[in-house]
Amino acid sequence: MSSLSVSDVADLQISKYANIGSLAVLIFDYCITFQDEVKWTWFRPWDLTRVIFTISRYLPFIGSGMTAYAALRVNGPCPPTLAENIVHIISIVAAEVLLVIRTWAFWKKSRKALIGLLTFSVVTTITAVAVNVNPNHQLIPGGQSTPGCYFESSRNAAGVYCILAIFECGILILTAYKRFHDYRESQNSIVTTVYGGSMLYMLCIITITVTNAIIDAVSPFGYSNMFDTLQLVVHSVLASRILFHLRSNNDRANEINMGSVVSEAIRYRHSSQIQTNEKLV
């Protein structure tokens, strides 16, 4: 690319502002959900779920910061993007693992479901890596008339987003199937709440993934990285909220069960006392 038109410059500016705005969304969401994080994760044991959650929760700050820096650095030599792409990939994979764990739990931790989910995850990951031969986004050097770097992506990023969307749709379908196959007649408000919240969050994640695929496939190159940071932010934010939602409802279910046990014990004690009094009389 040897020169930029006024339209190209405007497209690149919009893309840069969108990435900075996405970083602001991540920071804002962290502030308003920090209390939930403390309540639902800080005092839990360091199991696999908590480790994955920590990665998907905090690594996006590094990835988003690196993307924002790359977007703003338009002069001088082009910085390498390999580390940034690795951070983005690990962050998104961690968020997807949380979704897999949530789906497995919804399937009552079935061994067959776990094998199927792991196989599906490995196949889609390998396919995405094979498609993504080049970096997801690049800083393309400018020419003599426009020195510096252009914040643009290669078209193969659309293929990666399509594979990711297929994986997420698969998770959505598995959740919907289990809901209507096993819980169709269930009047349990907790099951309904967990299912409804999870489906809403999953639809939002799929929407941003499909949007990125379309933008990378058909939009002008200046827009190709417009939602790059937002993709990372949405996965991190909604995967975390799904975990908070599940643990909140699990605790509520435990409280309801405990209340039922206590009520039954009181009822039994009352009945025994009445029978004892009748015998004495």
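The values are calculated or read from the model by the stated rules, or taken from the named source; none is laboratory data. Everything numeric here is computed off the predicted structure, so don't read it as measured data. Cβ sites come from the backbone with ideal geometry, for glycine too, and all protein chains shown count toward neighbours.
So that you can scan it fast, the table gives a plain yes or no per residue for (1) at pLDDT 85 or above; (2) crowded, with 18+ Cβ neighbours inside 10 Å:
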{"position": "152", "(1), (2)": "no, yes"}
{"position": "165", "(1), (2)": "yes, yes"}
{"position": "171", "(1), (2)": "yes, yes"}
{"position": "181", "(1), (2)": "no, no"}
{"position": "189", "(1), (2)": "no, no"}
{"position": "195", "(1), (2)": "no, yes"}
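Candidates 206, 215, 256: the one that is part of a helix (DSSP H, G or I), surrounded by fewer than 22 Cβ atoms within 10 Å (Cβ to Cβ), modelled with pLDDT under 80 and of a type in the set (Val, Ile, Thr) is 256.
If you check 103, 54, which single one turns out to be assigned to a helix (DSSP H, G or I), under 15 Å from the mean Cα position of the chain (by Cα) and at pLDDT 90 or above? Walk me through it before giving the result.
Details: 103 fails: at pLDDT 90 or above.
The unique qualifying residue is 54.
Within segment 48-62, residues that are free of Cβ contacts under 8 Å to residues at least 12 places away in the same chain reach partners that are assigned to a helix (DSSP H, G or I) with beta carbons closer than 7 Å, at six or more positions or on different chains, in the pairs 50/41. Would you pick out the residues in segment 103-119 that are surrounded by 13 or more Cβ atoms within 10 Å (Cβ to Cβ) and either farther than 17 Å from residue 209 by Cβ or touching a Gly at 6+ places or on another chain (Cβ under 8 Å) (or both)? Listed by number, the residues that qualify are 104, 105, 106, 107, 110, 113, 114, 116, 117.
For residue 175, indicate whether it is under 30 Å from residue 107 (Cβ atoms) and at pLDDT 90 or above. No, not satisfied.
Within segment 57-91, take every residue that is in a helix (DSSP H, G or I) and either loosely packed, with under 15 Cβ neighbours inside 10 Å or at positive phi (or both) and give me the one that is modelled with the highest pLDDT.
Let us first name the residues in segment 57-91 that are in a helix (DSSP H, G or I), namely 57-72, 82-91.
Pick out the ones that are also either loosely packed, with under 15 Cβ neighbours inside 10 Å or at positive phi (or both) and you get 58, 69, 72, 82-83, 86.
Details: 58: 94, 69: 80, 72: 75, 82: 72, 83: 77, 86: 83.
My answer is 58.
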